[in-house]
Amino acid sequence: MNIKRYMIKDTSDKILSRLDPDESGDFNSKEEAEAKMEKLKKRLAELQDILFAQKKHSLLVILQGMDSSGKDGTVKHIFSGINPQGFIVTSFKKPSLEEEAHDFLWRVHMKTPPKGYIAAFNRSHYEDVLVPRVHGSLKKDDMKRRFRYIRQFEEMLVEEGTTIIKLFLHISKEKQLEKIQERLQDPTKHWKFDVSDLQERQYWNDYQKAYEDVFRETGTEEAPWYWIPANHRWYRNYLALAIVVKTLESLDLSYPKLDTPTPEISELISPRH
């Protein structure tokens, strides 16, 4: 798969209206995609093992999207087969009083992955240029400054060995409402429902515009944005996983070699010892 076709390079206005959230690639069926996904999961487990052993690189996967776009489900499905010892997932909620007393990136930096680890951000520092902007509490100059801080922050992470993948889960407004209704009808999903999800729907167009500004201001060659069609859960999961695997395969991953010369090791484990 050529994952570059999903890289957001067009930063013009209303780009999201031209991207089809119903897209399902070249697959003829859900079953066909799921069969390929199982192979990708095995490959991801192999790559993570090398990443963890080598301790040279780290991977940060940032998931953003409208409410009910499937951020939780994406994390669950694509990372379910890897070693939990080398995986960190963080969901950034409304800042606490302590967090608000610091700069907006303070709480984020503490959760970035150390070398050898994969980290997933289920919502991220991008919430701090989306929510306050849509609700009018962030001035234009403040927003521009935050965009600059984000670019510099991500540039620093990349230079220090962290590869960054930013995934925007693109769901339609109609599909979002359908998923919210599913949560209301299923008692096992009531815990996922938040009345604010419905309230935020009235700002749908504002959020679309805010995301387009995010793509324009923070999409870089070192830390690109990808759009993920999210109306079909199975394709959303497959494509997100494919991007993660392809990105890891592009790194110079290899198991570390022994520091101790082989003859010395043979001497140590010989029967006379």
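The values are calculated or read from the model by the stated rules, or taken from the named source; none is laboratory data. The shown structure was predicted, so the numbers you read here are calculated from the model rather than taken from an experiment. So basically every Cβ, Gly included, is an ideal-geometry build from the backbone, and we count neighbours across all protein chains shown. Side chains are part of the model used for accessible areas, which takes the heavy atoms of the whole protein and leaves out ligands, DNA and RNA. Shrake-Rupley method; radii C 1.70, N 1.55, O 1.52, S 1.80 Å.
When the alpha carbon coordinates of the stretch 91-244 are projected onto the principal axes, the ranges are 46, 37, 29 Å, largest first. So how much accessible area does Ser29 have, in Å² to the nearest 10, using a 1.4 Å probe? Taking all protein chains as shown, Ser29 has close to 40 Å².
Principal axis analysis of the Cα atoms in the chain yields extents of 78, 47, 38 Å, listed in decreasing size.
Quantify, in whole percent, the carbon and sulfur part of the accessible surface of the chain (1.4 Å probe; protein heavy atoms only). Solvent-exposed carbon and sulfur of the chain make up 50 percent of the total.
Each Cα pair under 8 Å and six or more residues apart adds its separation to the average, and for the chain the resulting relative contact order is 35 percent.
Taking Rh as the Kirkwood radius computed over C-alpha pairs, what is the Stokes-Einstein D of the stretch 137-193 at 4 °C in a medium of viscosity 1.567 mPa s, expressed in µm² per second?
This corresponds to a translational diffusion coefficient of 86 µm²/s.
State which entries of Lys111/Lys139; Lys30/Lys111; Lys55/Lys111; Lys42/Lys175 exceed 29 angstrom in Cα-Cα distance in the structure shown. Result: Lys30/Lys111; Lys42/Lys175 exceed 29 Å. Between the DSSP loop rule and a limit of at most 13 other Cβ atoms within 10 Å, which trypsin sites (Lys or Arg not before Pro) in the stretch 184-263 are left? Those satisfying the criteria are Lys257. Over 28 Å between C-alpha atoms is what I'm after, so list which of Lys41/Lys257; Lys94/Lys192; Lys189/Lys246 land there. Over 28 Å Cα-Cα: Lys189/Lys246.
In debye, nearest 20, what is the charge dipole magnitude of the chain about its Cα centre with +1 on Lys and Arg Cβ and -1 on Asp and Glu Cβ, if you could check? Walk me through the numbers on the way to the answer.
On the way: 44 positive and 44 negative charges, 36 e Å.
Dipole size: approximately 180 debye.
Using alpha carbon centroids, what distance separates the stretch 144-198 and the stretch 11-34, in Å? If we compute the Cα centre of each part, the gap is 17 Å. Taking all protein chains into account, the per residue accessible area for the stretch 17-71 stands at 49 Å² (1.4 Å probe).
Determine the gain in length on full extension of the stretch Met7-Gln152; use 0.36 nm per residue of separation and subtract their C-alpha separation, reporting nm with one decimal.
Details: separation 145, 0.36 × 145 = 52.20 nm, distance 2.05 nm.
Between Met7 and Gln152, full extension yields 50.1 nm more.
May I ask you to rank Val108, Val89 by accessible area, largest first, using a 1.4 Å probe over the protein chains only?
Working: Val108 0, Val89 80 Å².
Descending order: Val89, Val108.
Placing unit charges on each Cβ (+1 for Lys and Arg, -1 for Asp and Glu) gives the stretch 63-186 a dipole about its Cα centre, and among Pro114, Ile78, Leu169 the Cα reaching farthest toward its positive end belongs to Leu169.
For the set Arg123, Arg18, Arg107, solvent exposure ranked by accessible area (probe 1.4 Å, protein chains only) runs largest to smallest as Arg18, Arg123, Arg107. Shape class for the stretch 50-109, computed from the alpha carbon gyration tensor (a ≥ b ≥ c): oblate, with a/c not under 1.5 and a/b at or below b/c. Cross-link partners for Lys39 among the aspartates and glutamates, with Cα-Cα distance under 18 Å and sequence neighbours closer than 8 places in the same chain left out: Asp26, Glu31, Asp49, Glu249. Our estimate of slack between Lys14 and Leu177, defined as 0.36 nm per intervening residue step minus the Cα-Cα distance, is 56.6 nm. Within the full protein context, the accessible area of Leu253 is estimated at about 30 Å² for a probe radius of 1.4 Å.
Three principal axis extents describe the C-alpha atoms of the stretch 156-240; from largest down they are 47, 28, 21 Å. DSSP beta bridges confined to the chain are antiparallel in about 5 percent of cases.
Normalising by the residue count of the stretch 127-220, find the relative contact order in percent from Cα pairs under 8 Å and 6+ residues apart. Numbers along the way, then the final one.
Details: 33 pairs, mean separation 37.4, N = 94.
Dividing the mean separation by the residue count of the stretch 127-220 yields 40 percent.
Keeping all protein chains in place and using 1.4 angstrom, which order do Trp227, Trp191 fall into by accessible surface area, from largest down?
Largest to smallest exposure gives the sequence Trp191, Trp227.
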